[in-house]
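Enquirer: Encoded as structure tokens, here's the structure I'll be asking about.
The values are calculated or read from the model by the stated rules, or taken from the named source; none is laboratory data. Owing to the predicted nature of the structure, the values given are computational and were not obtained by experimental measurement. Here the Cβ positions follow ideal geometry from the backbone for every residue, glycine too, while neighbour counts run over all protein chains shown. Heads up: the accessible areas ignore ligands, DNA and RNA and are worked out on the full protein's heavy atoms, side chains in. Shrake-Rupley method; radii C 1.70, N 1.55, O 1.52, S 1.80 Å.
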Amino acid sequence: MSISPNIPTPQESYGYEAAGTPRWITILLVLMMAGIVVLGIAGYSAQTRISQDLARQQEQNKILTAQLDQANTRIADIKSKVEITTQRMGLTQSELAQAKSRAEAIRKEQQTSDQKLTEEITQVQKESNEKIGAVASEVGGAKKDIEATKTDLEATKGKLDRSLGDMNVMSGLIAHNKDDLDELRRRGDRNYYEFTLQRSKNAQRVGPVQMSLNRTDPKKAKYTVTVVADDKTIEKKDKTSGEPVQFYVKGSARMAPYEIVVFDVGKNQITGYLATPKDGGGSAAPAAPTPASAATPTKP
């Protein structure tokens with residue numbers, strides 16, 4: 001095979017290279033190219049990161065811008081409200097002064113009213129204390145009267161006693177005068193018929209019976225009477241003032257006897273009362289003419 005005279009042989013190429021660029025330059029160029037490639041890759045990565053960060057920053061800037069716009073809007077609203085409030089306050093300064101003046105006047109009026117009310121309360125309290133004192137005095141007086149009445153009542157009760165009647169039956173409480181008789185009536189234990197009996201041949205009705213006075217002995221305080229009851233005539237002779245004079249009527253034997261008690265024995269009359277049981281007693285004696293001078297008996 002023929003070799004073209006324009007193409008160098010390997011030996012010539014080696015000789016050429018040896019005689020041309022040194023090997024270390026080639027290596028250096030390779031390293032430089034590799035470094036450039038590495039730097040390019042690193043730069044690209046850094047640029048990518050920067051681009052991403054920039055995009056995120058721009059997004060955050062948009063958000064912040066929107067928030068700032070909202071804040072500016074709110075600030076504008078607040079500012080307008082403040083301006084309106086300021087204007088209103090400016091318009092009401094005179095009214096506020098008037099209100100303060102009116103409040104002070106009201107306070108003074110209230111103080112005057114309170115002072116007047118305090119004086120009135122003090123006066124009313126003074127008058128009330130005086131009235132209470134007067135009432136207390138009246139109550140004290142009434143209490144004394146009550147105590148006196150109670151004492152009198154106890155004394156009256158002490159005067160009221162019992163004794164054996166002329167039939168040897170224990171009597172009820174005996175009254176010695178009209179006041180004692182009123183006390184017995186208040187007690188309401190029996191029926192009481194007060195009488196003033198004149199000496200006469202005619203009988204006088206006393207409650208459910210009839211009585212006639214036969215004779216009297218004022219010096220010895222003795223008397224004799226005749227009682228008509230249940231169509232029976234009973235004579236009570238020489239009885240004494242204050243003595244229970246007892247007799248029975250139809251139906252009363254199961255209970256207590258009727259009792260005549262005389263307070264006073266006069267020359268021709270006697271004064272006293274007839275006591276009968278509450279829930280019993282015989283039929284009334286027939287009516288008899290009553291002298292005009294005789295007193296009408298009373299029933300409690």
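Enquirer: May I ask you to list the residues in region 223-233 that are open to solvent by 40 Å² or more (accessible area, probe 1.4 Å) and without any contact (Cβ under 8 Å) to a residue 40 or more places away in the chain?
Expert: Matches in region 223-233: 232, 233.
Enquirer: Are any residues in region 203-222 open to solvent by 30 Å² or more (accessible area, probe 1.4 Å), not polar (S, T, N, Q) and not in a loop (DSSP other than H, G, I, E, B), and if so, which ones?
Expert: 205, 215, 217, 222
Enquirer: Let me spell it out: the conditions are (1) open to solvent by 50 Å² or more (accessible area, probe 1.4 Å); (2) modelled with pLDDT of 95 or more, and residue 253 meets all of them except one. Which number is the exception?
Expert: (2)
Enquirer: If residue 235 meets every condition in (1) out of contact with any Phe, Trp or Tyr (no Cβ under 9 Å at 6 or more places or on another chain); (2) of a type outside the set (S, T, N, Q); (3) closer than 26 Å to residue 189 by Cβ; (4) not in a loop (DSSP other than H, G, I, E, B) apart from one, which number is that one?
Expert: (3)
Enquirer: So, one more: So which residues in region 238-249 are assigned to a strand (DSSP E or B) and open to solvent by less than 20 Å² (accessible area, probe 1.4 Å), if there are any at all?
Expert: Listed by number, the residues that qualify are 245, 246, 247.
Enquirer: Determine which member of the set 182, 189 is part of a helix (DSSP H, G or I), at pLDDT 85 or above and within 16 Å of residue 274 (Cα to Cα). Spell out the reasoning first.
Expert: Numbers: 189 fails: part of a helix (DSSP H, G or I).
Result of the check over 182, 189: 182.
Enquirer: Go through the residues of region 130-147 one by one and say whether even a single one is assigned to a loop (DSSP other than H, G, I, E, B), charged (D, E, K, R) and at pLDDT 70 or above.
Expert: Our first condition is that a residue be assigned to a loop (DSSP other than H, G, I, E, B); within region 130-147, this holds for none.
Within region 130-147, none of the residues are assigned to a loop (DSSP other than H, G, I, E, B), charged (D, E, K, R) and at pLDDT 70 or above.
Enquirer: For residues that are under 12 Å from residue 190 (Cα atoms) and open to solvent by 40 Å² or more (accessible area, probe 1.4 Å), scanning just region 259-300, find the one that is modelled with the lowest pLDDT.
Expert: Within region 259-300, the match that is modelled with the lowest pLDDT is 300.
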